[in-house]
Each structure stands twice: as structure tokens, then as C-alpha cells.
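The values are calculated or read from the model by the stated rules, or taken from the named source; none is laboratory data. Model, not experiment: these values are computed from the prediction. In this analysis, Cβ positions are derived from the backbone assuming ideal geometry, glycine residues included, and neighbour counts consider all displayed protein chains.
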């Protein structure tokens, strides 16, 4: 764990200010003038901060156990359940203009505001690693509605055999190991992950699976793990040419067999003003490979993945609501 913050340079200032100034269509109903409803409030906050500061702020769902934490409706005789919506907002001072360094103190204020706005919802805590910041579960309600400690599936100790795989193969092997260790199904989702990763510094062909065995071998690397899943995930991403963030999203249900999770790993998405003066979202790609990066055309250019296949960018208003500490856990 590290105490130093993440600096926000001149280029990053321009990106973040464009992001904050760029109006985007609201994807959730507005509540008052200071917060929006969201099925995963801190997931939305994490992605907004990642975009504004161009650093990873990851999010991990808790496993919900209590029916009171879920909404639902019946469809053809089957009860469909999902997590109750909560309020999402950012403290007014957590912007690149007022807080140029995204650090643990700033994110603590973000969590304080979340807990103030959602006193009865799941509670979260902040972790920091060499990869970035991680918002992880701290407590939920048990099956009887009593608050109890919670952990993330990525806290599980896993064992992944050392094998030669594509980077996406390492990710799938990691998710399979988490599934085996926790008994909770976890799937990997990462559109064009290998292309953003640049395995062994090489751009994979479009149809890598159809390539010859000798060609495929050029894009494989050997990796394995015997450690907590989050640390294993970071160790895979260390070799990437692109900075990735992630979101672990789990279905809500009272039946343990109906709580599958998806680990979505994606490049940070930033707003860049194109030649026509219009701010548009782009993936922050190949930012870690230095002089060995492949040549890229100037902005504007289309992002390699289909935008429809990537997680949507949330939009959050600023709020002037005073930040207070959450009430003591019951």
C-alpha cells in the first residue's frame, strides 16, 4: 500500500476539464440537484474518476444476501431480482481543478459522501496498490437483515497453474480459479483485451484463433499465480501496454446459485476534443509501452473495440452537500 497521490499533469488537466465540461446524456434519473440514482453508485463514481484523472479506480460488488437490499418483479412465474438503486454523487471539491492529485484522502471523502447518501446500503472501503485505487466491500446485511462484514470475491486465495496462454487466457484462468475458490461463478469480459494488451509487444492479428500454432505462440506468455485474486489480476495487467481498470459486478438473488459475477476489464476512457472541436470519448490506449508503442494515427480516430460492447460511461453531477462520516455500523 502506498501513501503518495497520483499526479495530474498538464495534459491530464485538459482531458479532465473537457470531460467535466462535456454534457452527456443522463443515464439515470436526477434526484434533486445534487445526486443521481444508480444501481451501482460507486461503480459509476469510480469510472467517472478514472476518466477525469486518467488513473485506475476499480470497483468490486459485494454479494448481496438480504432480500431487503434487492428490488424485483415477477415475470412468467419467475421472480427477477436486482440490487436496489442508490444515490451517486461527487463531493464538490473532488475535481481536477480543485483536487489536482487524486489520493486516498480525496477518495475517502467520496466514500464518506456515498455512506451519507446511502446509510442503509452496502458499505465500502478503499484499498490502494501499485496499480491504482480499489473500492471494495466492507459490510452488507446478512440473510436476516443484520449488518455483517463483507469481502470481495477477489480477496480469495487462488491457484492458477503456470501455462503459456494469450493474455485473455490468463484472465479467463484467473476467473476460473476465483470460481473454484469461492463457489461463485465468475466470468471474464474484456473486448479486444489482447489487442490493447500487446502481448510480447506485438499487435495480434484480427483472427488470432485462426492463426497457425507457430504464429499463435508469438503472442503467448507463461504465467501462474498462488496468491489473492486481486494481486494476481494486477500481476497480469503489469505486462500490458495499456492501463486497464476493472469492475466486478455480481447478480443479486436470494438463491446462491443465481449470483454469477462478471469481471469486466477495460481501458480507461477519456474525453478528447477532436479536430472539429467536439469532445468525444476515446480509450486511453498504449500509454505504458513508451518508445516501443506501435504508431497510432492522430486524433480523432476510432477506438479499436465497438463502443457498444464497452461499459457505459456514467455521468455524475457535482454536489455541494457537506461531507460527513457515515453512522456507526449497527
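Counting only residues that are surrounded by 20 or more Cβ atoms within 10 Å (Cβ to Cβ) and touching a helix residue (DSSP H, G or I) at 6+ places or on another chain (Cβ under 7 Å), give me the strands (runs of 3 or more DSSP E) lying completely in segment 201-291 with at least 1 of them.
221-228, 244-250, 261-267, 269-273
I'd like to verify a number: residues in segment 153-165 that are in a strand (DSSP E or B), under 21 Å from the mean Cα position of the chain (by Cα) and surrounded by 19 or more Cβ atoms within 10 Å (Cβ to Cβ), how many?
Selection size over segment 153-165: 1.
Take segment 126-147 and flag every residue that is assigned to a strand (DSSP E or B) and closer than 29 Å to residue 53 by Cα.
Correct list: 126, 127, 128, 133, 134, 135, 136, 137, 138, 139.
What is the number of the single condition among (1) assigned to a strand (DSSP E or B); (2) modelled with pLDDT under 90 that residue 298 does not meet?
The number of the failed condition is (1).
Here is a list of conditions, (1) over 15 Å from residue 58 (Cα atoms); (2) within 19 Å of the chain's Cα centre (by Cα), and residue 134 meets all of them except one; can you say which number that is?
Here residue 134 clears every test but (1).
Which of the residues spanning segment 191-226 are over 20 Å from the mean Cα position of the chain (by Cα), within 21 Å of residue 243 (Cα to Cα) and touching a residue at least 60 places away in the same chain (Cβ under 8 Å)?
Within segment 191-226, 198, 201, 203, 222, 223, 224, 225 meet the criteria.
Restricting to segment 166-190, name every residue that is under 21 Å from residue 244 (Cα atoms), surrounded by fewer than 19 Cβ atoms within 10 Å (Cβ to Cβ) and touching a helix residue (DSSP H, G or I) at 6+ places or on another chain (Cβ under 8 Å).
Selection gives 187 alone.
With respect to residue 126, determine if the residue is surrounded by fewer than 22 Cβ atoms within 10 Å (Cβ to Cβ) and either closer than 24 Å to residue 177 by Cβ or free of Cβ contacts under 8 Å to residues at least 24 places away in the same chain (or both).
yes
Among the numbered criteria (1) in contact with a strand residue (DSSP E or B) (Cβ under 7 Å, 6 or more places away or on another chain); (2) over 24 Å from residue 152 (Cβ atoms), which single criterion is violated by residue 253?
(2)
What pairs come up if the first residue lies in segment 21-50 and is within 23 Å of residue 126 (Cα to Cα), the second is surrounded by fewer than 15 Cβ atoms within 10 Å (Cβ to Cβ) and at pLDDT 90 or above, and their beta carbons are under 8 Å apart, counting only those six or more places apart or on different chains?
Cβ pairs passing all conditions: 39/82.
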